[in-house]
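Input: a single structure, listed below in structure tokens.
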Amino acid sequence: MMQWETVIGLEVHVQLATKSKIFSGASTAFGAEPNSQACAVDLGLPGVLPVLNEQAVAMAVKFGLGINAEIPEVSVFDRKNYFYPDLPKGYQTSQMYHPIVGAGEVEISLDDGATKRIRVHHAHLEEDAGKSLHEDFHGMTGIDLNRAGTPLLEIVSEPDMRSAKEAAAYLKAIHAIVTYLGISDGNMAEGSMRCDVNVSVRPKGQEAFGTRAEVKNVNSFRFVERAIAFEVERQIELLEDGGTVVQETRLYDPEADETRSMRTKEEANDYRYFPCPDLLPVVLDRAYVDHLRSTLPELPAEKRARFESQLGLSAYDASVLASSRAMAEYFEVVKDACGDAKHAANWVMGELSGALNRENLAIEQSPVAAEQLGGLVARVLDDTINGKAAKQVFQALWNGEGGGKANAADAIIEAKGLKQVTDSGAIEAMIDQVIADSPVQVAQYRDAEPDKRGKMIGYFVGQVMKASRGTANPQQVNALLKEKLDQA
Amino acid sequence: MHDKTLTQLARALADGEVSSRELTQTLLGRIERLDGRLNSFISITHERALAGADAADALRAKGQAGPLTGLPLALKDIFCTNGVKTSCGSKMLDNFIAPYDACVVEKLKAAGTVSLGKTNMDEFAMGSSNENSHYGPVRNPWDLDAVPGGSSGGSAAAVAAGLVPAAMGTDTGGSIRQPAAFCGITGLKPTYGRVSRYGIIAYASSLDQAGPMARTAEDCALLLGAIAGHDLRDSTSVARGVPDYRAELGESLSGLKIGLPREYFGDGLAPEVEQAVRDAIKVYESLGASVHEVSLPHTHYAIPAYYVIAPAEASSNLSRFDGVRFGHRCDAPSDLIDLYKRSRDEGFGSEVKRRILIGTHTLSEGFFDAYYTQAQKVRRLIRQDFLDAFEEVDVLMGPASPTPAFDLGANKDPVSMYLQDIYTIAVNLAGIPGISVPAGFVGSRPVGLQILGPHFAESQLLNVAHQFQQATDWHQRRPALAEESA
């Protein structure tokens, strides 16, 4: 049986979070009435001209700086000519020959905690097309041009990925970078990130690439993996049956979970690219680029490294916590509030993430604010409450109790009387009471062999904790009980 | 009134000799009586014009009139005009009512001018004779058997016939200067970027430029001041102050260095045209200018380069006319491809189709470098020719066209038609300004002298033209038709 190697390259289209379109002043907000956000420029009316949105340029440059890419001094918009009803001008304004972002690289982290660098060939700015609507028009087609002219950054990778998992990790890394930078909302369900996948296979050890298929319409992390898995299997089967892979564009159908041929190379358009005469070349001076560089936040890879080296977190914890800007920021607030990175990490990745997952919430939607969780962890660390009470406090915070302020945990501890009792006099009194109330159990305990007693003491601990309504310090209870029971 | 210049009319309005309404009515009457023979208008906006004139008169009564308030003019039908049919001379846009004003239209309205209507033109500004219009050819007021030139033929004929004192044109390869020459009027193509292209239906975006067509250089100066300037909606318009273009009109030409490009006086130039141009140069010498022979060595590459670049841009610019959102749509399309094919086949005329095909071909994979890239290199050389020449001389002079206006139907072969633009096309490729002024006649047909200057030297160019018009009366000649009152 021949061993096959998969080769994958991705073209990721990221919708930039500008307020207005790339070449017009119309709004880019999602979900408006069809054609209510398409101005004369977006409609491609006779005589209109494009004006470049400076915000889109700044966002593209930030991305380039974020992946350590070259930022060429001059980039040029080209027209990509083809006819389609939702392409109002009959051409898409894009950047074919001189993209705004040159070669760079993205670090991905794999499940085993290892990292790998994926090279980015370039990234270019372009405008989105509108949408063709085929339902509700009785055999006719409706056109909605709200999306026409929305700024896109197309990020083209080198064919550096070798598995569907790596491709998904790359897509996640891009997602993290653009959301860290605040240049996209990264909302895949609303189409803010879309992906075309180039897939080929080759016999293991062979250097030359196999013939690739481009799979379009792969619009979620999950679909990327599934589309690649299907496509790899299809190509290997084809080759092993003595066939050949044809260079073609295929469409991923998530419902059927398969890819289907759209057009072969022979049917491909000749897009007749040429420089757009309505737009001047974009010239970026060094000062402008340096200024943008100075505004960059710490990005996922740096953050991951810092979490490991400075905070002493494990590679896995660091990579989970750095995976999104929201998660990382939440964690850092918790850490600062409680003063202990490991405990903060455990709470964010454990109790909080568990609760968020159960309710299917993103961390931005957490009912427990990071300061509040930090306040809670601080009380665990300074022994004000024990672990059991902490879970109660977390649940109360989750339910919105405690007054909503940063010190909500303290308010809850106070109101519920959860403060750990460490006064040995008080604990002793409770223990004496429990011993007095449980003559049978005391007798059994005292009759038992010393090595059995360890288990039997649990009953008394439980009774004392119950009597203290959970507030007694369990270690203290344990020690004092042992002392008293073993005395006689 | 109808044979006065814009400047004279401005004075008459200011002095209360005539109201804008009277002027507008007079001219609308002339259009009604005379334009049947010329076909220079596609749309006459009678009511809007009168309303505009009344508004102008009211403004004047309040003492708020500016220098252009109440002056009537016409717009080439390539300028989008809010609420008015804007056809670009094409069946494709016969049903298109523009929903917005072009920047030029906006500025002219703001200055208080009154548009009487939209003038005929070669379809999508592609042509040198105005025979390529969906609305029929325009005739030359000097000789109804002759073409008026193109593509701004309607604007030129309307001014020459005294239907309007001025009109707006656009010039991509000579479309203001050549019809101005053929019709015996003055036409200025400003520097590329001087006037906003916003709202001008694009033919070749890197070459298109709007400019005034009128009786005198002084009138052109008045109008250029109103339409020039930076516009944020056109990224290729230049952020540069607009001078008072009339301020330099009194300057002496003593010491002016005139360059005569050797290549503009060679084969193909009609001897009578050459004679008229050489006579005009003598006038300049008498005004104190010196004459120098210069060379623009890449001149003969201008037409081939233009006919790669302009059709390439046009093929893309005209893709939006697809029958989907506006413009002509074929009846009962069977599917999308049928909709595209028939809408475009029915909507476009043959010259437009020819240029779309040329442009589509030259941009195609495998041909792009040989044509488009090469033509852009030639374009840089042509521009450099001019920059080099302007190191030696102040202005260049030559004929605007190798022949006077030719007969309707005389140039059936597209290439012989393209060669008409030999002296005008390089100017667009270089982006410099040029003006054509009346400089004599061949029989009954006018000859134009073309004057070229460095980028943004419009003030100087207008003064050089103005001084000639102070010394000659070619610009005051009127065709017999213009004198008819009935």
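Residue count for the stretch A:408-454 under the criterion of being within 43 Å of the chain's Cα centre (by Cα) and crowded, with 17+ Cβ neighbours inside 10 Å: the result is 10.
Listed conditions (1) within 13 Å of chain A (Cβ to nearest Cβ); (2) part of a loop (DSSP other than H, G, I, E, B); (3) open to solvent by less than 80 Å² (accessible area, probe 1.4 Å) are all met by B:Ser334, apart from (3).
Here the condition is being under 30 Å from B:Val442 (Cβ atoms), loosely packed, with under 15 Cβ neighbours inside 10 Å and touching a helix residue (DSSP H, G or I) at 6+ places or on another chain (Cβ under 9 Å); of B:Glu293, B:Glu346, it holds for B:Glu293 alone.
Are any of the residues in the stretch B:240-262 free of Cβ contacts under 8 Å to residues at least 40 places away in the same chain, away from chain A (no Cβ under 14 Å) and acidic (Asp, Glu)? Yes - at least one qualifying residue is present in the stretch B:240-262. Filtering B:Leu34, B:Leu75, B:Leu38, B:Leu6 for residues that are closer than 24 Å to B:Asn140 by Cβ and over 21 Å from the mean Cα position of the chain (by Cα) leaves a single hit, B:Leu34. Check the stretch B:124-131 and report whether any residue there is surrounded by fewer than 24 Cβ atoms within 10 Å (Cβ to Cβ) and of a type outside the set (Ser, Thr, Tyr). So far as the stretch B:124-131 goes, yes, one or more of its residues are surrounded by fewer than 24 Cβ atoms within 10 Å (Cβ to Cβ) and of a type outside the set (Ser, Thr, Tyr). Do you know which residues across the stretch A:251-310 are open to solvent by less than 30 Å² (accessible area, probe 1.4 Å), among the aliphatic types (A, V, I, L, M) and either within 14 Å of another protein chain (Cβ to nearest Cβ) or outside any helix (DSSP H, G or I) (or both)? The answer is A:Leu279, A:Val282, A:Leu284, A:Leu299. Could you tell me whether any residue of the stretch A:39-49 is closer than 28 Å to B:Ser343 by Cβ, open to solvent by 50 Å² or more (accessible area, probe 1.4 Å) and within 14 Å of chain B (Cβ to nearest Cβ)? So far as the stretch A:39-49 goes, yes, one or more of its residues are closer than 28 Å to B:Ser343 by Cβ, open to solvent by 50 Å² or more (accessible area, probe 1.4 Å) and within 14 Å of chain B (Cβ to nearest Cβ). Note on the stretch B:267-323: among residues that are among the hydrophobic types (A, V, I, L, M, F, W, C), under 30 Å from A:Gly90 (Cβ atoms) and touching an Asp or Glu at 6+ places or on another chain (Cβ under 9 Å), the one that is farthest from the other protein chains (Cβ to nearest Cβ) is B:Ile303. Scanning the stretch A:69-90 for residues that are within 11 Å of chain B (Cβ to nearest Cβ) and without any contact (Cβ under 8 Å) to a residue 40 or more places away in the chain yields a single hit, A:Phe83. Against the test of being closer than 30 Å to A:Ala38 by Cα, of a type outside the set (Val, Ile, Thr), away from chain A (no Cβ under 14 Å) and open to solvent by less than 10 Å² (accessible area, probe 1.4 Å), the options B:Leu73, B:Leu93, B:Leu108 yield a single qualifying residue, B:Leu108.
Looking for whichever is farther than 17 Å from A:Arg469 by Cα and not assigned by TED's automatic domain parsing to the domain that holds A:Asn478 here; the options are A:Ala389, A:Ala344, A:Ala436. Which one fits? On inspection, the qualifying residue turns out to be A:Ala344. Take A:Ala123 and decide whether it is touching a residue at least 60 places away in the same chain (Cβ under 8 Å) and either closer than 30 Å to A:Thr6 by Cβ or outside the structural domain of A:Ile183 (by TED's automatic domain parsing) (or both). Here the answer is yes, as A:Ala123 does meet what is asked. B:Gly63 passes every criterion in (1) touching a Phe, Trp or Tyr at 6+ places or on another chain (Cβ under 9 Å); (2) away from chain A (no Cβ under 14 Å); (3) surrounded by fewer than 24 Cβ atoms within 10 Å (Cβ to Cβ) apart from (1).
Among the residues of the stretch A:123-162, those that are of a type in the set (Gly, Ala, Ser), at pLDDT 95 or above and farther than 23 Å from A:Ala29 by Cβ comprise A:Ala123, A:Ser157. Within the stretch A:460-483, the set of residues being surrounded by 15 or more Cβ atoms within 10 Å (Cβ to Cβ) and under 20 Å from A:Ala448 (Cα atoms) comprises A:Phe460, A:Val461, A:Gln463, A:Asn478, A:Leu480, A:Leu481, A:Lys482.
Among residues of the stretch A:247-266 that are within 15 Å of A:Asn198 (Cβ to Cβ), those with a Cβ under 9 angstrom from a residue that is surrounded by fewer than 13 Cβ atoms within 10 Å (Cβ to Cβ) and among the acidic types (Asp, Glu), sequence gap 6+ or separate chain, pair up as A:Glu248/A:Glu267; A:Thr249/A:Glu267.
The values are calculated or read from the model by the stated rules, or taken from the named source; none is laboratory data. Every value quoted in this text rests on a predicted model; they were computed, and no experiment measured them. Here Cβ is always computed from backbone atoms with ideal geometry, including for glycine, and neighbour counts include all displayed protein chains. For accessibility, only protein heavy atoms count, side chains too; no ligands or nucleic acids. Shrake-Rupley method; radii C 1.70, N 1.55, O 1.52, S 1.80 Å.
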